[in-house]
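The values are calculated or read from the model by the stated rules, or taken from the named source; none is laboratory data. Keep in mind it's a predicted model, so treat the numbers as computed, not measured. Cβ atoms come from the backbone with ideal geometry, glycine included; neighbour counts cover every protein chain shown.
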Amino acid sequence: MKTTPFQPERLSALLIVLALVNFPSTVASAKAKAAPQAPANAASASMPQTRTLTVREISFRGLQTVKEAELLKSLPVKVNDQITIPGQEIPGVLQYLWNLQYFSNIQIEQTDLGSGNLKLTFVVTEFPVLESVEFKGNHKFKTKELLSTANLSLGRRISNQELLNAENRIEKQYAAKGYLTAGAEYSLQSTGDNRVKAVFSIQEGNKVVIEKIRFHGNAAFKEGKLRGVLKETTQNSWWRKIFGQPKLDKDKFEEDKNLLVEFYRDNGYRNARIVKDTITYTDDKKGLILDIYVEEGPIYHIRNISWSGNTKDFATTDILNATFAIKNGDLYSAKKINERLNFSQDHSDVSSLYLDRGYLSFRAQLEERVVQPNQVDLVITLAEGNPYALNIINIKGNTKTKDHVIRRELYTVPGETFSRKNVVRSIRELSMLNYFDPETLTPDIQPNQKNDTVDLTYNVTERQTDTFNAAIGYSASSGGTGSLGLTFNNFSFGDLFNPSAYRPLPHGDGQRLALQWQFGSNNYRTLSLSASDPWAFGTHTSLGFTAFKTKQSYDLVDDGIDEETKTIDQYGANVTIGRRLTWPDDYFAISWRLGYLHTKGGFVSFLNETGVPEEAEEFSITQTISRNSIDNPIYPRHGSKNVFTAQIAGGVLPGTINFYKLIGTSSWFFPVSRDLVVNVSAQQGYLDTFSEDDYIPYTNYFYMGGSGMSSLPTVPLRGYPDHSLGQKFDGESDLYGGKIYSKFTTELRYPLTLSPSASIYALVFAEAGNLWADASSFDLTDLKKSAGIGLRLYLPIIGQIGIDYGYGFDAIPSEPDKGAQGWNFTFSFGQPND
């Protein structure tokens, strides 16, 4: 990387100004002249004589493309103006001419015309006009790419500094791709009339890979541990040779060095620093060795902690010590001290004691006093200030969502005391709507110290909320399947009869309208329509309705006789009502669903029973209790999602179908770093009848395996075929299912991009699950295990698309002799974190 030299033309201008200010003369030149030796006893010689002269003539010499008349018209000094030498007029003219950026050099000649009159002549050298740009020696980057990087405007005057900056940008672009030894050098070729062509000669060199990172001076931590601290700077290895060899980005390396110092400071080494780093190249210039020299210093522990300035009952010294959670003898950690004092993710820090009670101007000043031997006293002075009240709550950026939909989610209300916890919770609630880009959802806090009030502005960026989904799949048991659907997640039923609201459909009231069509082999068809309002009647009450009709034909007996095919026609409806709860906390919700299902045409009999009804009615009640505290609907980093569902069909209810079903799911998210997240989840399901004579339709059994995309209630298990786990139904059926299931999953997730237009994250997973016919066969030691990698792509208009490549380690009932199932691709569609 080149350093930017001081421009000689700027030095010329400086010399001219100094000459005019300090030495009255007839000619001022850019050339520095030796000043005459002043007599030691001549005190008057220390001060230049001031003269007032009248400018009678002004001219320019050296102009090529700039018109003299235009310069004279705009010049700050005009003919017949009086100027003082030394004075401010001439330096002002020079500054004006430099600011025009027309000239690379300016000299002033002043001619004394006698009788107090003066002639000024400006001798200038114009910057050339850039006519074209040419690159030579570039093979790794196209000319178009380099033109964009150089960022030079044709037809405009060009300076040496602009060309040097272009050189640096080009070299930085090569370095970012691993070509650290690449160099760029410009030259100018005249094309006439003060116009030039800039030619950049590039020496690309070889791509340089970081072969080795070595540490020197490290006694507390091994090299491998320290390499792991570096986020963007890694050394080569066998697997990186497959997936991409590491390159040195000098800017990111500087950031990594800061991380290294922070790591030491977080582990007691308060004075740790990086002394220097060096780069040496291998003999073939294709690799480099990075040497980092550290000075660890002594390890420090906390001795005493003292507080002053705390006057509130909620912040006594005992409470502060308990909240700070750092005590005498603890290892010094700069990160922990800052988190416990200023901000922690769970809002259990000292600052939260004040900020959650409205003390917006609260400040904590930390002084660290080093006490020998190798101990630190923490002296913390608190400036409590006064509590602030919320004044005006503004919302900006909502171009589609109506204000009332946003305001009803806020925990910040005008007139109430400011609370940082409530601001963070409000951001979380707005994020969970999935109407706005969560990465840009930021509050603007504007305190007014005159009256202890605060204005709060929520800045939102609308994202696409409507989805269109289309899916096609195939499984051996179900044949080909597919679906088409439209979902409007921010609909407005209130504007249905408002013609001006159709842009192209009425939106903005936070209601949901969905139309879904599923189809498949064996004449399978399902059409459903659903509508819901999460804030029915203007309260925390949700209300929803779904109507559907299904027709399907199955020949699940493998005897090859088409006459065994059975057709089922179904139609039904559900009404759902729910409520957000405030106990045990306000993350809880409860809902009830009343369902009706009419079936005609005969149930599929896997056991060849007699007396199976040709027509049946199912009435059911489903209760769901959930707690959802995740912080982001697309890519959660914190929180959990827990759901327990209990369904009763028949029994005390009317109808000819009698069973009960219990399902529990729990999913927890833990951040390893800001973006790297661990997700741990578990699912359990139980199905049974009220008596031995009750019949369970096949559509209510549990199924497991594959992607879970099916007309049957299937639990996905990557690495295994669709519907492949469980017990085979009798009657020579090829379908496997069960009444009890368990599934456990661990995922490590990392986002590749979280932009509003598309969110993508990669994952590594390990999971295990199985299905059992009844409680007597339930055995958690008999779980089918799998592991693999995956990718999730969330497109606002489509929803989430999942691709997984999993390895099934165990045999399945349909192929007991095969052993491991090996590698299997799985494709899935749906909403994130379902």
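Run Ser673 past the list (1) in contact with a strand residue (DSSP E or B) (Cβ under 6 Å, 6 or more places away or on another chain); (2) under 30 Å from Gly228 (Cα atoms) and report the number of the one that doesn't hold.
(1)
Could you tell me which numbered condition Ser426 fails, if it satisfies all but one of (1) touching a His at 6+ places or on another chain (Cβ under 9 Å); (2) closer than 30 Å to Ala322 by Cβ?
Ser426 satisfies all of (1) touching a His at 6+ places or on another chain (Cβ under 9 Å); (2) closer than 30 Å to Ala322 by Cβ except (1).
Right, Val55: at pLDDT 90 or above, in a loop (DSSP other than H, G, I, E, B) and of a type in the set (A, V, I, L, M) or not?
No; evaluated as a whole, the condition is false for this residue.
Looking at (1) part of a helix (DSSP H, G or I); (2) within 30 Å of Leu63 (Cβ to Cβ), find the lone condition where Ala198 falls short.
(1)
Exactly one condition in (1) touching a Lys or Arg at 6+ places or on another chain (Cβ under 9 Å); (2) modelled with pLDDT of 85 or more; (3) closer than 23 Å to Asn628 by Cα is false for Leu793; which is it?
Evaluating Leu793 over (1) touching a Lys or Arg at 6+ places or on another chain (Cβ under 9 Å); (2) modelled with pLDDT of 85 or more; (3) closer than 23 Å to Asn628 by Cα leaves (1) as the failure.
Just checking, how many residues over segment 211-239 are of a type in the set (Gly, Ala, Ser) and either outside the structural domain of Phe263 (by TED's automatic domain parsing) or modelled with pLDDT under 85 (or both)?
Residues meeting the conditions: 1.
Could you check segment 237-334 for helices (runs of 4 or more DSSP H) lying wholly inside it with 2 or more residues that are farther than 30 Å from Arg214 by Cα?
Once the helices (runs of 4 or more DSSP H) in segment 237-334 are filtered for at least 2 residues that are farther than 30 Å from Arg214 by Cα, what remains is 317-324.
Which residues, counting only those in segment 224-236, are part of a helix (DSSP H, G or I), surrounded by 15 or more Cβ atoms within 10 Å (Cβ to Cβ) and either in contact (Cβ under 8 Å) with a residue 24 or more places away in the chain or within 23 Å of the chain's Cα centre (by Cα) (or both)?
Passing the criteria: Leu226, Val229.
Quickly run through segment 336-373 and pick out the residues that are acidic (Asp, Glu) and either without any contact (Cβ under 8 Å) to a residue 40 or more places away in the chain or in contact with a Leu (Cβ under 8 Å, 6 or more places away or on another chain) (or both). Can you show your working first?
Keep residues of segment 336-373 that are acidic (Asp, Glu), which gives 339, 346, 349, 356, 367-368.
Within segment 336-373, Glu339, Asp346, Asp349, Glu367, Glu368 qualify.
Scan segment 459-479 for residues that are modelled with pLDDT of 70 or more and assigned to a loop (DSSP other than H, G, I, E, B) and jot them down.
Once the filter is applied, which keeps residues that are modelled with pLDDT of 70 or more and assigned to a loop (DSSP other than H, G, I, E, B), segment 459-479 yields Val460, Thr461, Arg463, Gln464, Thr465, Asp466.
Only residues that are crowded, with 17+ Cβ neighbours inside 10 Å and not basic (Lys, Arg): list them for segment 394-410, please.
Of everything in segment 394-410, those that are crowded, with 17+ Cβ neighbours inside 10 Å and not basic (Lys, Arg) turn out to be Ile395, Asn398, Thr401, Val405, Ile406, Glu409, Leu410.
With respect to Tyr264, is the statement that it is out of contact with any strand residue (DSSP E or B) (no Cβ under 7 Å at 6 or more places or on another chain), hydroxyl-bearing (Ser, Thr, Tyr) and within 13 Å of Val229 (Cα to Cα) true?
Details: out of contact with any strand residue (DSSP E or B) (no Cβ under 7 Å at 6 or more places or on another chain): yes; hydroxyl-bearing (Ser, Thr, Tyr): yes; within 13 Å of Val229 (Cα to Cα): yes.
Yes: the conditions hold for Tyr264.
For segment 804-816, which residues satisfy the criterion of being loosely packed, with under 14 Cβ neighbours inside 10 Å and in contact with a Leu (Cβ under 9 Å, 6 or more places away or on another chain)?
Selection gives Pro813 alone.
Return a yes/no flag: does segment 6-18 have any residue that is in a helix (DSSP H, G or I), surrounded by 12 or more Cβ atoms within 10 Å (Cβ to Cβ), on the phi < 0 side of the Ramachandran plot and modelled with pLDDT of 85 or more.
no
Spot the failing condition for Ile242; the list is (1) modelled with pLDDT under 90; (2) over 30 Å from Lys136 (Cβ atoms); (3) surrounded by 14 or more Cβ atoms within 10 Å (Cβ to Cβ), and only one is missed.
(3)
So Ser132 passes all but one of these: (1) among the small types (Gly, Ala, Ser); (2) without any contact (Cβ under 8 Å) to a residue 60 or more places away in the chain; (3) over 26 Å from Arg61 (Cβ atoms); (4) surrounded by fewer than 20 Cβ atoms within 10 Å (Cβ to Cβ). Which condition number does it fail?
Failed condition: (2).
Does Gln64 satisfy the criteria of being assigned to a loop (DSSP other than H, G, I, E, B), in contact (Cβ under 8 Å) with a residue 40 or more places away in the chain and closer than 21 Å to Arg157 by Cβ?
Considered against the rule, which asks whether it is assigned to a loop (DSSP other than H, G, I, E, B), in contact (Cβ under 8 Å) with a residue 40 or more places away in the chain and closer than 21 Å to Arg157 by Cβ, Gln64 comes out as yes.
Residues in segment 778-797: is at least one surrounded by 20 or more Cβ atoms within 10 Å (Cβ to Cβ), more than 30 Å from Glu462 (Cα to Cα) and touching a Pro at 6+ places or on another chain (Cβ under 9 Å)?
no
Filter segment 778-816 for residues that are of a type in the set (Phe, Trp, Tyr) and within 30 Å of Thr487 (Cα to Cα) and give the result.
Restricting attention to segment 778-816, the residues satisfying the condition of being of a type in the set (Phe, Trp, Tyr) are 778, 794, 805, 807, 809.
Answer for segment 778-816, where residues must be of a type in the set (Phe, Trp, Tyr) and within 30 Å of Thr487 (Cα to Cα): Tyr794, Tyr805.
Given the criterion touching a strand residue (DSSP E or B) at 6+ places or on another chain (Cβ under 8 Å) and either of a type in the set (Asp, Glu) or closer than 26 Å to Leu259 by Cβ (or both), identify the matching residue among Leu360, Leu290, Leu320.
On inspection, the qualifying residue turns out to be Leu290.
With the structure loaded, tell me whether Phe103 is touching a strand residue (DSSP E or B) at 6+ places or on another chain (Cβ under 8 Å) and not assigned by TED's automatic domain parsing to the domain that holds Gln64 or whether it fails that test.
Criteria not met by Phe103.
Hey, any hits in segment 416-428 for a residue that's touching a helix residue (DSSP H, G or I) at 6+ places or on another chain (Cβ under 8 Å), of a type outside the set (Ser, Thr, Tyr) and either more than 25 Å from Ala315 (Cβ to Cβ) or assigned to a strand (DSSP E or B) (or both)?
No - not one qualifying residue is present in segment 416-428.
Conditions first: (1) buried (at least 18 other Cβ atoms within 10 Å of the Cβ); (2) assigned to a loop (DSSP other than H, G, I, E, B). Phe669 passes all but one, so which condition is the exception?
(2)
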